[in-house]
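What follows is a set of notes on a single structure, which appears directly below.
The values are calculated or read from the model by the stated rules, or taken from the named source; none is laboratory data. Only a predicted model underlies this, so the values are computations on that prediction, with no experimental measurement involved. All Cβ positions, glycine included, derive from the backbone under ideal geometry; neighbour counts span all protein chains shown.
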Amino acid sequence: MTELVEHGHLFIGGEWTEPLGTDTIRVVSPHTEQVIGSVPHASRADVDRAVAVARKAFDEGPWPRLSLDERIAVVTRIKDAIAVRHEELARSISSQNGSPYSWSVLAQALGAMMVYDSAIKVAADYPYEERRQGALGPILVRREPVGVVAAVIPWNVPQFVAAAKLAPALLTGSAVILKPSPEAPLDSYILADIAREAGLPEGVLSVLPADREVSEYLVGHPGVDKVAFTGSVAAGRRVMEVAARNLTRVTLELGGKSAAVILPDADPAAAVAGIVPAAWMNNGQACVAQTRILAPRSRYEEYADAFAAAAGALVVGDPLDPATQLGPLVAQRQQQRSLDYIRIGQEEGAKILTGGGRPAGLERGWYVEPTLFGDVDNSMRIAREEIFGPVVCLIPYGDEEEALRVANDSEFGLSGSIWTADVEHGVDFARRVRTGTFNVNTFSLDMLGPFGGYKNSGLGREFGPEGLSEYLEHKMIHLPAGA
């Protein structure tokens, strides 16, 4: 029985504060369908209060005026505390969103620690000020913190995405209002506790769990200088629309429908072993998931059998069981969405190779079997729309040019991979795919390089020096001749 976790305060500007509203958010386990916690629902008045203290911290406080080394010391303490408390964070996240515990340890908690660590390395070497010879004389180019950041994060990888926004914002000297998803707010209280103990100055961080209406109020607040958002394409469009009223800067990390391309010369065992965890990762609730598998028609049956066997062997069950490889979806609406797409795929003429319904013996909980469709045409809805569940498409292709066309024939462009015996040929193929990240004979996300998407997968980048730049303003100072 999971212990009920109840919080009665909001974290505003570094202090545990009584909420100004009376609404609460009930957190429901996707495994038991029982309430496992509650937190206050931030109100508009709470947003106003958080923005005001963040504004004061940035405009008048010490944080942006500290040395880089001083800010790095605080962020390092946050990183180190996450390492110490990673099991607590992993259990909290798995209990809320259904992530398998083993995956939560590596990707949700320790992955967040790696984001902070990588951002610290990038920040330490970043050129915040440089002299150049301009066309009319010498110039000084400065990079200065953007100001007050509204960081709106999703429920699927809450600590990882929070780190992707908090680390560069804090290291460059900005203040942050973190807005967790109502489906997964409990772990944000652990993060707030960590940040407080790390010594963040007053006003620099607030954590406000809230629904879409209050989130929209935060995004459109005139006291916010930048919005960093991760979520769906529809929500991203709305964020951009609302932020545009104040010409607020935005970065958007949105959806994906990524293709894993297997060339005829690939090692089948290596390809299957690499693609399966990338396709069904986090129960299919990952924007970078390789949900379109492109197999050569000459070896299609071989791959259909291999992927069906591997997906069908995934261990489905309680997300807190270390043996579980695929847990429940975060909410009943997500379960129903996957089941609806399974029905749509069958109606479109695709063939279920494995899965296709609720797992036997799991009548309670928002579970869907790991499902693989075969005989999929890229024009089908199941191949074009982001399902965000454990439903994957196997698409046959003829020659390599057809594989390239299919890989690029998507409104998304976030991730992808190619599997081949010729690495250099794979790199050449990668150069022609319109996507923000790509993998050759592997699947990973390196936090020292830029991450983001083409097309409807978003705007801007996270990680690496490119991601740090998103939290900086660029200033040019003209100098007199000879200076």
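Of the listed requirements (1) closer than 30 Å to D321 by Cβ; (2) surrounded by fewer than 19 Cβ atoms within 10 Å (Cβ to Cβ); (3) of a type outside the set (S, T, N, Q), H7 misses just one: (2). What tally of residues in segment 392-414 results from selecting those that are over 20 Å from E301 (Cβ atoms), of a type in the set (D, E) and in a loop (DSSP other than H, G, I, E, B)? Residues meeting the conditions: 2.
With respect to R132, is the statement that it is out of contact with any Cys (no Cβ under 7 Å at 6 or more places or on another chain), in the same structural domain as I72 (by TED's automatic domain parsing), free of Cβ contacts under 8 Å to residues at least 40 places away in the same chain and in a strand (DSSP E or B) true?
When the stated conditions are applied, R132 passes them.
Just one of (1) part of a helix (DSSP H, G or I); (2) outside the structural domain of V152 (by TED's automatic domain parsing) fails for G389. It is (1).
For segment 140-160, indicate whether the set of residues that are touching a Phe, Trp or Tyr at 6+ places or on another chain (Cβ under 7 Å), crowded, with 18+ Cβ neighbours inside 10 Å, small (G, A, S) and outside any strand (DSSP E or B) is non-empty. Yes, because at least one residue in segment 140-160 is touching a Phe, Trp or Tyr at 6+ places or on another chain (Cβ under 7 Å), crowded, with 18+ Cβ neighbours inside 10 Å, small (G, A, S) and outside any strand (DSSP E or B). Surrounded by 15 or more Cβ atoms within 10 Å (Cβ to Cβ) and outside the structural domain of E216 (by TED's automatic domain parsing), is that true of N246? Against the criterion (surrounded by 15 or more Cβ atoms within 10 Å (Cβ to Cβ) and outside the structural domain of E216 (by TED's automatic domain parsing)), N246 does not qualify. From the list K56, K79, the lone residue that is on the phi < 0 side of the Ramachandran plot and touching a helix residue (DSSP H, G or I) at 6+ places or on another chain (Cβ under 9 Å) is K79.
Using the structure shown, decide if Y101 is aromatic (F, W, Y), buried (at least 19 other Cβ atoms within 10 Å of the Cβ) and over 25 Å from A57 (Cβ atoms).
Taking the combined requirement at face value, the residue satisfies it.
Condition (residue is assigned by TED's automatic domain parsing to the domain that holds I275, in contact with a helix residue (DSSP H, G or I) (Cβ under 7 Å, 6 or more places away or on another chain) and surrounded by fewer than 23 Cβ atoms within 10 Å (Cβ to Cβ)) applied to segment 333-341: is it met by at least one residue? The answer is yes; a qualifying residue exists.
Pick out the one residue from V28, V53, V75 that is farther than 30 Å from L472 by Cα and out of contact with any Pro (no Cβ under 9 Å at 6 or more places or on another chain). Please lay out each step first, then the result.
Working: V53 fails: farther than 30 Å from L472 by Cα; V75 fails: farther than 30 Å from L472 by Cα.
Result: V28 is the single residue among V28, V53, V75 that is farther than 30 Å from L472 by Cα and out of contact with any Pro (no Cβ under 9 Å at 6 or more places or on another chain).
Among the residues of segment 317-361, write down those that are aliphatic (A, V, I, L, M), at pLDDT 95 or above and over 21 Å from G274 (Cβ atoms). Once the filter is applied, which keeps residues that are aliphatic (A, V, I, L, M), at pLDDT 95 or above and over 21 Å from G274 (Cβ atoms), segment 317-361 yields L320, A323, L329, V330, A331, L339, I342, I344, A350, I352.
Can you find a residue that is within 16 Å of the chain's Cα centre (by Cα), surrounded by 24 or more Cβ atoms within 10 Å (Cβ to Cβ) and assigned to a loop (DSSP other than H, G, I, E, B) anywhere in segment 184-195? Scanning segment 184-195 turns up at least one residue that is within 16 Å of the chain's Cα centre (by Cα), surrounded by 24 or more Cβ atoms within 10 Å (Cβ to Cβ) and assigned to a loop (DSSP other than H, G, I, E, B). The set of residues in segment 373-419 that are touching a Cys at 6+ places or on another chain (Cβ under 8 Å) and aliphatic (A, V, I, L, M) comprises V376, M380, I382, A383, L414.
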